[in-house]
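Rule-based calculations on the coordinates, nothing more; no lab input. This one's a predicted model, so the numbers in the text were calculated from it and none came from an experiment. Backbone-built Cβ (ideal geometry, glycine too); neighbour counts: all protein chains shown.
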């Protein structure tokens, strides 16, 4: 009996210790703390307006070399790939037939002039006799007609002589422009035909050089409006080469096509670049950045803050002054580094959530911390 009493006393004491060790319920127990999110406060800033377009380099000028007279090619006077000057002799055709034709034309001219001289003397003699009625009017008219024929013969001979001289000059084929000449498609001994289809060689002027860019017609209209609004005197162009490097010299935009390609809806723009070192060759694929003004009141939002609605609209999560989450549909413009240009839907001073989006929903209360800016906005790319 005494043992049972001690056992019950020990059990009661243990229960008392357990009850005393349990903490008292807290007034806030069961209420989760507000989630923490990172926000950026939007503000206006200056943003260069830059469009990035694909393009290819093309010759500033190009001349295809073809013969203008028939003959056998005697000499090639250039090294393939070298720079040539305008008027430099590139090829020589066998000139012997044309020298003979020139000599024949000179002889014909001398004969025509002799006949002209004789006709002139006869006409002068008959002119004095017609006044004295010593000859008939018909004889005088025949002498004048003969003189006119002799004059015409001289003019024809002079034209033939000029033609023979031109043909002889054409036996030396010269460069019509200065530039770099490519490979020769003919060799010595080849039979050449005047105005033949085959090109003998091609001379390309590569300094300066053109870059032809393609842009949609709608983007071109937007570019023109922004250029007019900003009042820029010239659209500067920066060139990105195929290997990712930047071409050291800037170019300028020259013109655009006056029509839109109906199959693609694209318009061709042409920029011109200096090419002193010959680094740019025709046919290279490049990308060009066109700076056509600066927007002094641009509003930018980080790209990681922008999400898409089921309808495809861009939207962001804001934090109000009461720390309440609000969803907002916005309209975005250009990509600017890691940001989007905001066209509508946001204002300067709005706090946009950039981190912690997976923990919140519209209407929730949150705690905010300022996000760390990773990189400044330096360029806008369309």
Worksheet item: If each residue's Cβ is checked for other Cβ atoms within 10 Å, how do 169, 124 rank with the fewest at the top?
Response: 124, 169
Worksheet entry | Simple spin-label estimate for residue 72 and residue 139 in nanometres, 7 Å along Cα-Cβ | 5.8
Worksheet item: Could you give the alpha-carbon Rg of region 95-170 over 2.2 N^0.38 Å, rounded to two decimals?
Response: 1.49
Worksheet item: How much length is gained if the chain between residue 207 and residue 163 is pulled fully straight, taking 0.36 nm per residue apart and subtracting their Cα-Cα distance, in nm to one decimal?
Response: 12.2 nm
Worksheet item: Using 0.36 nm per residue, how much length does the chain from residue 79 to residue 151 gain when fully extended, once their Cα-Cα distance is taken away?
Response: 21.0 nm
Worksheet item: For region 95-170, what relative contact order do you get, as a whole percent, if you take Cα pairs closer than 8 Å and at least 6 residues apart?
Response: 53
Item to complete: Would you give the gap between the C-alpha center of region 252-317 and the C-alpha center of region 111-173, rounded to a whole Å?
Response: 71
Practice prompt. Please give the length that would be gained between residue 107 and residue 322 if that part of the chain were fully extended, namely 0.36 nm times their separation in residues minus their C-alpha to C-alpha distance (nm, one decimal).
Written response: 66.5 nm
Worksheet item: Hey, with R₀ at 22 Å, roughly what FRET efficiency would residue 46 and residue 303 work out to, going by the Cβ-Cβ distance, to 0.05?
Response: 0.65
